[in-house]
Structures are given as structure tokens and as C-alpha cells.
Amino acid sequence: MTLSASAGEITRRTAVGALATAGLGFALFGPRPAKRRDDGRLVLDYWEKWTGLEGRAMQTVVEDFNRSQDRLFVRYFSTAGIDEKAQITIAGGAPPDILGLWNYNLPAFAETNAILPLDELGAEFGVTPSIYSPGMAAATQHKGKFWAAVNTGGTVALYYNKAHFREVGLPDTGPRTIAELDEANRRITRIDNNRITRMGFHHREPGWWVFIWGYPFGASLYDADTNRALLNSPENQAGYDWVQSYPKEFGLTRLNEFRSTFGNYDSPLNPFLAGKLSMVIQGPWLANMINAYAPDLDYGVVPLPVAESLYDPARPIGLVDTDILTIPRGVKHPDASMEFIAYTQRQDITEKLATVHCKGSPLATSSPQFLATHPNRGVRVFDDIAKSPRSFLVPKTRAWIQIRDELIWVFDQSWNMKGDPKDLLARAQTKVQGVLDNFELQSRRRAEGAA
Amino acid sequence: MSARKTITGLAWISPWLVGFILFMAFPLAMSFYYSLTDYRLLESPLWVGLANYQRMLTDQTLHLALRNTFLYAAISIPLSVTIAVVLASLLNTPRLPWAKFFQMAIFLPTLVPLIASTMVWMWLFNAEYGLINRLLSTLGIDGPAWLLDPNWALAALVIIGLWSVGQAVILCLTALKQVPTSLYEAADIDGMGAIRKFFSITVPMISPVILFNAITLTIGAFQIFVVPYVIFVRDKGGPGQKGFFYTMYLYDNTFIYQQMGYASALAWLQLLIILALTGLMFLVSRRMVHYRSA
């Protein structure tokens, strides 16, 4: 049958071609049905960043959840570069059902509506910010909304080698202030044949938080109310002056040569585990490495040493650096995703996972047994930091990664004595403020366009 | 040619044509469009005109990355080209014992996955335990902390790059084998020395391959990414950011900062730089490259 062959009218070939193209497009780019198993259980895909021991522990939680009910079946996927991949899949309309992120990802995901707010959904399942300790609760919120649950509590403190402290005649209670840390470092550091063979403290190990040096001096990096970066504050400058004081005192070449003897973090050659370094800033997870590779290491944990005037044992200063669970935009069954998340927030489940991870619990209260039997002997210190009103998060702004990268540059230049920290921070401040202003401008333009 | 033949011809090449349109032309066009927008992947693109290109003028991190990349290219390309020619000439020595073994040994590094070889190089360059400093110490030289010292980081990267010169060597060797022996015989009769023969016969005769190597090495140098990224991922370019290159900054803007618009503009600038340098090389080499007639 010929529909028509004359110009301007639809031919059968054109119609079939158009239908085929539409069908192909629908098949390739159309909506995906929710997945179900043969037994009728709804399948939920859970992307998480953990691998190894931490991944296996979370896999166990997932399996426990799958056994605990017969409606949902969660599949655990260990995903490298999770935040980058998640943005692409969310933009492409095919997100995982549950997404594990870091707390610093939250502003970027929340402000672009890449994840769902959990104020109402979470409340239905009893998950609200009030269940967490203050530091952790802050990590779940952004601009007045609740966006994420916390699946393990990560804070950062100072590990120290008690035996080294005793050896040089220092009390093995650890340093409380920067001055005490410096004094301990001088006493512990050994230099043989112009080479450092042991050191008290080295700012580049592990080098994961090179933006925190101002905080022990009372700095803050960002004022969210005014969208102003605060990188060039005198307090932050004091932090980077302190960083630079080490290469000035011990010699950059010697420090670099010493650092080149450090092995990987997760190996017996980790300098703290190997006894080369007596103090290191780390998260609770380091205890897993100690228990695995150096079980006889006599270590202690104290909050970040601070300037003398800021020392207050009841209100320790420390970074909250934690893992969060979110529900991406575009999921088919957010209530099912929330049901799984709520399961992970049960005190027994949270403490079970945190114990294997060697971390503290993110919840406001911990069971006595959890604290008493925890494999990390510093768990109470990490717990105190999470509960402290002076705990801090990285700045809650989408521009955080750029701020961090600028501070990596400031740190590197300060360490390599390529400039005065004051000048370096002034340059970084100008650049970062430009980025913040641009974010604000584009957000305003988008809002105006939407209106 | 009739329309029917044209259609048939197009149908035969349609797999390539469709692939080119879908995976090259369309992304290229979209990338240019995005370079004129503020685009953060999870939000719709916002038209900003030439703002991304204007931003490049004042972006100090970009200037640093450009400086490092040009410096790396300026050192590594001439070195690689020269070493490739020298090694190929040595391999072309008549009756060279173990010739096949040496060819294989020189080419093999290009087959090793970059990440694996980079991990090995990191240990080789280790200041305390590294083989390189151990060798230097036997000569009485106190080797530097290669990958931790701002003065040596770039040198280390150049050395790592030279390790993969095998492909250029094989191309040169192939060209060398095609140089007519009669030219060398004539030179012998004229009493030319080895060095004179090398510069007056060998180099001109393989000059098209040298130019090809120079162009491909230039493209490679301006796209250097994996090695410095693996070594300096935590420090954003290593000591003094000497190992922070253009493509790393492009990657950061794309996947870390999610600034797809600015990243697209950076990609176009990179393309223009490579095109300009390639064009310049063709221009400069007009009188220097000798193409044999068929």
C-alpha cells in the first residue's frame, strides 16, 4: 500500500524510517523500567567507594539487609571515582538507587538537585539530623535542608608513638598544643650523617588534608553567609607560617630525602607504623593498619594540637571528614532506597560497620559496649571531636574543590619556600573569591532564566 | 557519476560516515558550543559568549600549566627525536650482534601499560631506595630526591618519557633500511668520514620520518597526562607544581571542577596550539625535509 508518493506527503518508507528511528531512540535513550528479580524483589543498586576490608564490611551489611526482608534486594557496587561517575549517570538519567559520597560532595550535588532532599522521606523512616552527633549532623545538611545519612563517623586527630615520647623524656599523654608538638618533634628527630632517620612530625605525611593548618590557630576558610573566602586571615597565615618553619629549621632537602623513605599508607612501610615518624594526623581507619601490620605499636590518639590560647580539652578542634549516603535524582523508588538507608542507620548496624572500619559511630549516642570493645584505642577521642562544638567541616560550597586545590598550591609553595605564606594566601584568596563570585553570578543568572 | 552510484558509494562508507558524524563531528560541534557556555553537567548550559576564552588570559593556573607543558615539550621533543635517530643508526649497524634483541628491548617499553611502568619509575627514582640514585652513588654522586625536588621533577618526567621512544626508533630504523647503499658507496669513494655521511646522507634521506616523529612527539608532549597524574595526583603537580601539565588542568576542569564549558574552551585552545605547532613544523621543514620522488 502506498500512502502517497507526491512531494510534501509522507511516504511509507519515510514513515517506517521515522518509526524505526523513534523506536531505536526509545530503546537507547528511553526510560528504564525498575529492575526486579525472578522472586519479585525490587533490585536496588548501591554505589559505594569502599573496597577491600571496608568494602567487605559494607557488603556484609547489604547481605544482612537482603536477608532481613523479602521485598528489596540491594546490589553493592564498589565504584572508583564515584563522585565523577555519579554526576554523569545522574545527568544521563540512569543513576544508582543509593549513592555513597564524601561529605564535601554534598553542596555540589545538593545545589544542582542531583540528589533528593531527605527532610520528609527520612523522617518517615526515623532518619533526621537529630540522630547524629553535632559534627556529623552538620555534614548531612546544606542551606537548611537535610540531604544525606552518615554511614560511618570519620574525624581526624593526631596519632602519636608513646614509646618515642617516653624515650625522649616526654609524658606519653601526647602533645596538646602546637608548641608541645614542636618541642616533641625536636627531641624525637634524629639526624645522622646529615640525613634525617627519624622525625617527630612531618607536614607532608600523609598529605591528605593540607588545607587544615590554619584551623589549629583559629582560622576558618569560608563565610557561607557572605560567600567570602577567608584564606588570607592572620590565623590561616599563622598555619602556613608554621608549615614553612619546618623546612626552614630542618632543611628542605633533608625533609624531602626523609620523605622519600616513606612507604604507602596501607602497608607496613607506612612511616608511622615503621617507627620513622612519631606523630601523624590521620582518621580512625589508621588503627586498622596498625592492628594488621604493627600490632605491638604503643600508640595514643589526641585531638589536633592547637595554639596555646585555643586549648580547651572539653571542646577539641578537629576535622569531620565522613562518608554519606544519598538518594540520586531520578531513582524510581526513593522510598525503597530510603528503607535501605534507614536500615544502615540502626545503632547495632552502624556500630557493627564502624567497628570493622575502626571508626567512631556517627550517631549522637554510642552503646557502652561499642566504646569498650572498639579496636581503635582512640575511639573516644574521635567521638569527642564529632560531638565538639569546635569540630569543623570543609567549607560548604560548590567551589570547595577549587579552594582545596589552591590551598594545595599554597602549601606546596610554602613548604618549598617559594614565597611568603602571606603573599601566597593573598593570591589564592583573590583567585578563590573570583571562583565564588562567578558561581554566585551564574546561579543568579540561572535563577533569573528559570523565573 | 550517476546519483545512484553516489548513493551506493555513500551507503558503502556509511558505517564510517555515521561513526564520524556521531562520534567526531557532533561532539566537536557540541564542544565548541559548550566552550561558549557555563556548563556544569547537572545544569543546563548558560550562554556566556567568549567569557571562557577571556578567562584564559588571567588564569594563572592555566599559565603555569602552559609554561610547564611548553618547557616539557621543548626539552623532550628534541631529545626524543635525536635519541631515536641515534639509536636507530646504531641498530642499523651492519652485522650488529643481537640486533633483533636490541630492537625488541627498545620497542618493548611502548607495550607496557603506562600506569604499571610509572609505578616502577616511581621506585626507580626514589631518593633513598631507588636504583638510579644507587647507581649514581657508585659514581660518587649524591642523587637528588627526583620526584620531591622542584628542580628535578621535570627532568625525571623527561627521562620517563624517553623510555618510550621505541616507536620512533623503529620508524627511523625502517627508513634507514631504505636508504640506498649506493649513496654510501659513492660517499666512500669520495672519501667521506662517518660523521659527514651521517649528516649529509643519512639524516636528509630519513628526514620525512624525522619530521613525522617530531609531529607525533609534539602531539604526545602536549597531551602528557598519565605519568605526571599517577606520580603527582595527591600534590596537584608535585613539588613546585613542576609536574602540572595542560591536559591535567583540562581533566581537572572537566571531571573534578565540573566546568565543562571552560574545559571545552581549554580543549579547543589545546587543539589550536597543536595545529599551529604542526603547521609551523611543516613550514620550517620545507627546505629541510627531503622527499624522494617515486
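Annotation for region A:193-214: no member residue is in contact (Cβ under 8 Å) with a residue 12 or more places away in the chain, surrounded by fewer than 19 Cβ atoms within 10 Å (Cβ to Cβ) and more than 14 Å from chain B (Cβ to nearest Cβ).
Does region A:313-320 include one or more residues that are in a helix (DSSP H, G or I) and modelled with pLDDT of 95 or more? So far as region A:313-320 goes, no, none of its residues is in a helix (DSSP H, G or I) and modelled with pLDDT of 95 or more. Scanning region A:282-303 for residues that are surrounded by fewer than 22 Cβ atoms within 10 Å (Cβ to Cβ), touching a Pro at 6+ places or on another chain (Cβ under 8 Å) and over 17 Å from A:G52 (Cβ atoms) yields A:A294, A:V302. For region B:216-294, the helices (runs of 4 or more DSSP H) that sit wholly inside it and include 1 or more residues that are within 28 Å of A:A91 (Cβ to Cβ) and in contact with a strand residue (DSSP E or B) (Cβ under 9 Å, 6 or more places away or on another chain) are B:260-284. With respect to being out of contact with any helix residue (DSSP H, G or I) (no Cβ under 9 Å at 6 or more places or on another chain), modelled with pLDDT of 95 or more and of a type in the set (A, V, I, L, M), A:V394 falls outside the description. Determine which single condition B:F199 fails, assuming it passes every other condition in (1) in a helix (DSSP H, G or I); (2) within 14 Å of another protein chain (Cβ to nearest Cβ); (3) free of Cβ contacts under 8 Å to residues at least 24 places away in the same chain. It fails just one condition, (2).
With the requirement that a residue be under 12 Å from A:E406 (Cβ atoms) and buried (at least 16 other Cβ atoms within 10 Å of the Cβ), what does region A:427-451 give you? Walk me through it before giving the result.
Let us first name the residues in region A:427-451 that are under 12 Å from A:E406 (Cβ atoms), namely A:427-436.
Across region A:427-451, the qualifying residues are A:R427, A:A428, A:Q429, A:K431, A:V432, A:Q433, A:G434, A:V435, A:L436.
Is it true that some residue in region A:121-138 is within 14 Å of another protein chain (Cβ to nearest Cβ), crowded, with 24+ Cβ neighbours inside 10 Å and either of a type in the set (S, T, N, Q) or closer than 30 Å to B:R40 by Cα (or both)? Within region A:121-138, none of the residues are within 14 Å of another protein chain (Cβ to nearest Cβ), crowded, with 24+ Cβ neighbours inside 10 Å and either of a type in the set (S, T, N, Q) or closer than 30 Å to B:R40 by Cα (or both). In region A:365-374 there is no residue that is closer than 26 Å to A:W213 by Cα, in the same structural domain as A:R56 (by TED's automatic domain parsing) and either out of contact with any Lys or Arg (no Cβ under 7 Å at 6 or more places or on another chain) or of a type in the set (D, E) (or both). Against the conditions (1) farther than 24 Å from B:G161 by Cβ; (2) of a type outside the set (S, T, N, Q); (3) within 13 Å of chain A (Cβ to nearest Cβ), B:Y249 satisfies every one except (1). Within region B:60-72, residues that are within 12 Å of another protein chain (Cβ to nearest Cβ) sit with their Cβ atoms under 7 Å from residues that are of a type in the set (S, T, N, Q), at 6+ positions apart or across chains, in these pairs: B:L64/B:Q241.
Here A:P117 passes the criteria (1) surrounded by fewer than 23 Cβ atoms within 10 Å (Cβ to Cβ); (2) of a type outside the set (G, A, S); (3) in the same structural domain as A:V331 (by TED's automatic domain parsing); (4) in a helix (DSSP H, G or I) except the one numbered (4).
Is it the case, given these coordinates, that A:D225 is touching a residue at least 60 places away in the same chain (Cβ under 8 Å) and either small (G, A, S) or more than 14 Å from chain B (Cβ to nearest Cβ) (or both)?
Values: touching a residue at least 60 places away in the same chain (Cβ under 8 Å): no; either small (G, A, S) or more than 14 Å from chain B (Cβ to nearest Cβ) (or both): yes.
In short, no.
Do we have B:T93 as more than 14 Å from chain A (Cβ to nearest Cβ), in a loop (DSSP other than H, G, I, E, B) and either of a type in the set (S, T, Y) or touching a strand residue (DSSP E or B) at 6+ places or on another chain (Cβ under 8 Å) (or both) here? So that I can check it myself, show each step before the final result.
Working: more than 14 Å from chain A (Cβ to nearest Cβ): yes; in a loop (DSSP other than H, G, I, E, B): yes; either of a type in the set (S, T, Y) or touching a strand residue (DSSP E or B) at 6+ places or on another chain (Cβ under 8 Å) (or both): yes.
Yes: the conditions hold for B:T93.
Residues considered: A:P206, A:P216, A:P271. Of these, the only one that is closer than 23 Å to A:G174 by Cβ and touching a His at 6+ places or on another chain (Cβ under 9 Å) is A:P271. Residues in region B:187-217 that are farther than 15 Å from B:L173 by Cα, among the polar types (S, T, N, Q) and under 17 Å from the mean Cα position of the chain (by Cα): B:T216 alone. Being among the polar types (S, T, N, Q), part of a loop (DSSP other than H, G, I, E, B) and more than 16 Å from B:N253 (Cβ to Cβ) is a condition met by no residue of region B:22-35.
Take the residues of region B:115-127 that are outside any loop (DSSP other than H, G, I, E, B) and crowded, with 16+ Cβ neighbours inside 10 Å: which is farthest from the other protein chains (Cβ to nearest Cβ)? Before you say what the answer is, go through the steps one by one.
Quick first cut of region B:115-127, residues outside any loop (DSSP other than H, G, I, E, B) only: B:115-124.
Applying the additional criterion that residues be crowded, with 16+ Cβ neighbours inside 10 Å yields B:117-118, B:121-122, B:124.
On the way: B:S117: 18, B:T118: 15, B:W121: 14, B:M122: 10, B:L124: 12 Å.
Restricting to residues being outside any loop (DSSP other than H, G, I, E, B) and crowded, with 16+ Cβ neighbours inside 10 Å, the top hit is B:S117.
Highlighted here are the helices (runs of 4 or more DSSP H) found entirely within region A:321-424 that include at least 3 residues which are buried (at least 22 other Cβ atoms within 10 Å of the Cβ): A:334-344, A:347-357, A:379-387, A:400-415.
Take region B:84-114 and flag every residue that is of a type in the set (V, I, T), surrounded by 13 or more Cβ atoms within 10 Å (Cβ to Cβ) and free of Cβ contacts under 8 Å to residues at least 60 places away in the same chain. Let's see the steps before the verdict.
Narrowing region B:84-114 to residues of a type in the set (V, I, T): B:85-86, B:93, B:106, B:110, B:112.
Restricting the remaining residues to those that are surrounded by 13 or more Cβ atoms within 10 Å (Cβ to Cβ) gives B:85-86, B:106, B:110, B:112.
The answer is B:V86, B:T110, B:V112.
The single residue among A:L106, A:L72 that is farther than 22 Å from A:Q347 by Cα and either modelled with pLDDT of 95 or more or away from every other protein chain (no Cβ under 14 Å) (or both) turns out to be A:L106.
For the structure I just gave you, tell me whether B:F225 is free of Cβ contacts under 8 Å to residues at least 40 places away in the same chain, among the aromatic types (F, W, Y), within 14 Å of B:S89 (Cβ to Cβ) and more than 14 Å from chain A (Cβ to nearest Cβ).
On the way: free of Cβ contacts under 8 Å to residues at least 40 places away in the same chain: yes; among the aromatic types (F, W, Y): yes; within 14 Å of B:S89 (Cβ to Cβ): no; more than 14 Å from chain A (Cβ to nearest Cβ): yes.
Considered against the rule, which asks whether it is free of Cβ contacts under 8 Å to residues at least 40 places away in the same chain, among the aromatic types (F, W, Y), within 14 Å of B:S89 (Cβ to Cβ) and more than 14 Å from chain A (Cβ to nearest Cβ), B:F225 comes out as no.
Test each condition in (1) closer than 24 Å to A:A238 by Cα; (2) in contact (Cβ under 8 Å) with a residue 24 or more places away in the chain; (3) facing chain B (nearest Cβ under 10 Å) for A:R398 and report the one that comes out false. (1) is the only condition that A:R398 fails. In this structure, B:V81 does not qualify as surrounded by 19 or more Cβ atoms within 10 Å (Cβ to Cβ) and in contact with an Asp or Glu (Cβ under 8 Å, 6 or more places away or on another chain). The residue of region A:75-103 that is nearest to the other protein chains (Cβ to nearest Cβ), among those that are acidic (D, E) and surrounded by 20 or more Cβ atoms within 10 Å (Cβ to Cβ), is A:D83.
For first residues located in region A:143-165 and more than 28 Å from A:D225 (Cα to Cα) and at pLDDT 95 or above, partners that are part of a helix (DSSP H, G or I) and among the small types (G, A, S) and lie 6+ apart or on another chain with Cβ distances below 9 Å form the pairs A:Y159/A:A287; A:Y160/A:A184; A:H164/A:A184; A:F165/A:A184. Looking at the structure I just gave you, is A:P175 away from chain B (no Cβ under 14 Å) and surrounded by fewer than 20 Cβ atoms within 10 Å (Cβ to Cβ)? No: the conditions fail for A:P175.
The values are calculated or read from the model by the stated rules, or taken from the named source; none is laboratory data. Small disclaimer: the values here were computed from a predicted structure and weren't measured. Cβ sites come from the backbone with ideal geometry, for glycine too, and all protein chains shown count toward neighbours.
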